[in-house]
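Below is one structure, written out as structure tokens; the observations come after it.
The values are calculated or read from the model by the stated rules, or taken from the named source; none is laboratory data. Just so it is clear, the structure is predicted and the values come from calculations on it, not from any experiment. With ideal geometry, Cβ positions are generated from the backbone for all residues, glycine too; neighbour counts draw on all protein chains shown.
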Amino acid sequence: MNALEKYLPKVAVEPITELLKLYHVQLKIVQERKTRHGDYRRNPDGSHQITVNSNLNPYRFLITLLHEIAHLLAFKKYGRHIKPHGQEWKYTFQQLMLPLLRPEIFPKDLLPILARHFKNPKASSDTDALLSVRLKSYDPQSDKYYIFEIEHGAIFQAPNGRKYQKGKKLRKRYECLELDTGRLFVFQPNAQVELIKTI
């Protein structure tokens with residue numbers, strides 16, 4: 001419980017600790033992974049392990065941890081044949097999150113965005129651009145930009161180390177030219193990149 005105080009909003013520590021105890025979850029707080037905020041796995045001995053990145057702000061940490069606990073509970077209740085982010089998982093995630101959507105836990109400006117998101121939760125909070133951007137406002141200052149923030153034609157470096165030029169906006173995403181290969185790729189508007197050069 002004491003260890004979790006460093007990572008979670010204070011009022012959420014006790015109920016989350018109780019959940020972890022109730023379902024015998026081994027929680028590992030790990031170094032940042034570029035491709036995921038957390039994951040859940042059932043170990044061969046039947047125990048449950050959840051990992052969450054250590055660099056997440058308290059609100060994203062809480063959402064990520066509940067996302068992974070929802071996998072455990074959905075598989076436990078509905079069986080392992082369900083889709084990982086299907087209706088059963090969405091319902092379970094909603095039920096876990098609803099009691100915590102309170103101003104004692106989340107900032108008031110975040111609550112309406114979370115309420116909208118949890119009407120139909122996505123497989124990743126990063127695919128909800130509005131929620132992702134608002135959650136990032138609680139991160140420490142960084143030299144990264146969102147794709148939607150940089151100007152058309154700007155050169156940027158993606159997390160994979162490759163350099164791109166920002167192109168036109170499609171319906172929701174941005175078409176960008178990879179400079180080394182000349183191939184076109186699409187980026188979510190809330191993809192975080194390092195700005196190299198503006199035009």
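For a quick check of your reading of the model, give me the residue pairs whose first member lies in region 103-124 and is more than 21 Å from residue 13 (Cα to Cα) and in the same structural domain as residue 93 (by TED's automatic domain parsing), whose second is charged (D, E, K, R) and assigned to a loop (DSSP other than H, G, I, E, B), with beta-carbon atoms closer than 9 Å and at least 6 apart or on different chains.
As it stands, the answer is 113/128; 116/128; 117/128; 121/128; 122/128; 124/36, since those pairs meet every condition given.
In the set 40, 59, which member is touching a residue at least 40 places away in the same chain (Cβ under 8 Å) and either part of a helix (DSSP H, G or I) or more than 25 Å from residue 137 (Cα to Cα) (or both)?
Of 40, 59, the one residue that is touching a residue at least 40 places away in the same chain (Cβ under 8 Å) and either part of a helix (DSSP H, G or I) or more than 25 Å from residue 137 (Cα to Cα) (or both) is 59.
Here are some residues: 27, 19, 65. Which one is touching a Gly at 6+ places or on another chain (Cβ under 7 Å) and not in a loop (DSSP other than H, G, I, E, B)?
Matching residue, one of 27, 19, 65: 65.
Which of the residues spanning region 30-67 are hydrophobic (A, V, I, L, M, F, W, C), in contact with a Leu (Cβ under 9 Å, 6 or more places away or on another chain) and over 24 Å from residue 117 (Cα atoms)?
none
Between a residue in region 162-187 that is farther than 16 Å from residue 148 by Cα and any residue that is basic (Lys, Arg), which pairs come within a Cβ distance under 8 Å, given they are 6 or more apart or on different chains?
Going by the 8 Å Cβ cut-off, the qualifying pairs are 178/162; 178/163; 179/162; 179/163; 180/162; 180/163.
List, please: which pairs have Cβ atoms under 8 Å, are six or more places apart or on different chains, and start with a residue in region 3-15 that is within 14 Å of residue 60 (Cα to Cα) and hydroxyl-bearing (Ser, Thr, Tyr) and end with one that is at pLDDT below 95 and part of a helix (DSSP H, G or I)?
Once the first residue is within 14 Å of residue 60 (Cα to Cα) and hydroxyl-bearing (Ser, Thr, Tyr) and sits in region 3-15, no partner that is at pLDDT below 95 and part of a helix (DSSP H, G or I) comes close enough.
Find the strands (runs of 3 or more DSSP E) located wholly in region 73-185 whose residues include 2 or more that are in contact with a Ser or Thr (Cβ under 7 Å, 6 or more places away or on another chain), and list them.
none
Can you name the condition, by its number, that residue 34 falls short on among (1) in a loop (DSSP other than H, G, I, E, B); (2) touching a helix residue (DSSP H, G or I) at 6+ places or on another chain (Cβ under 7 Å)?
The number of the failed condition is (2).
Give the residue, chosen from 156, 185, that is in contact with a helix residue (DSSP H, G or I) (Cβ under 8 Å, 6 or more places away or on another chain) and surrounded by 13 or more Cβ atoms within 10 Å (Cβ to Cβ).
From the options 156, 185, the qualifying one is 156.
Taking residue 52 as meeting all but one of (1) surrounded by 14 or more Cβ atoms within 10 Å (Cβ to Cβ); (2) modelled with pLDDT under 95; (3) under 24 Å from residue 142 (Cα atoms), write down the number of the exception.
(2)
Given the criteria within 25 Å of residue 21 (Cα to Cα), at pLDDT below 95 and buried (at least 19 other Cβ atoms within 10 Å of the Cβ), does residue 75 qualify?
yes
Filter region 99-131 for residues that are farther than 17 Å from residue 67 by Cα and among the charged types (D, E, K, R) and give the result.
Those that are farther than 17 Å from residue 67 by Cα and among the charged types (D, E, K, R): 102, 104, 108, 109.
Has region 19-36 got at least one residue that is of a type in the set (Phe, Trp, Tyr), modelled with pLDDT under 95 and farther than 20 Å from residue 192 by Cα?
yes
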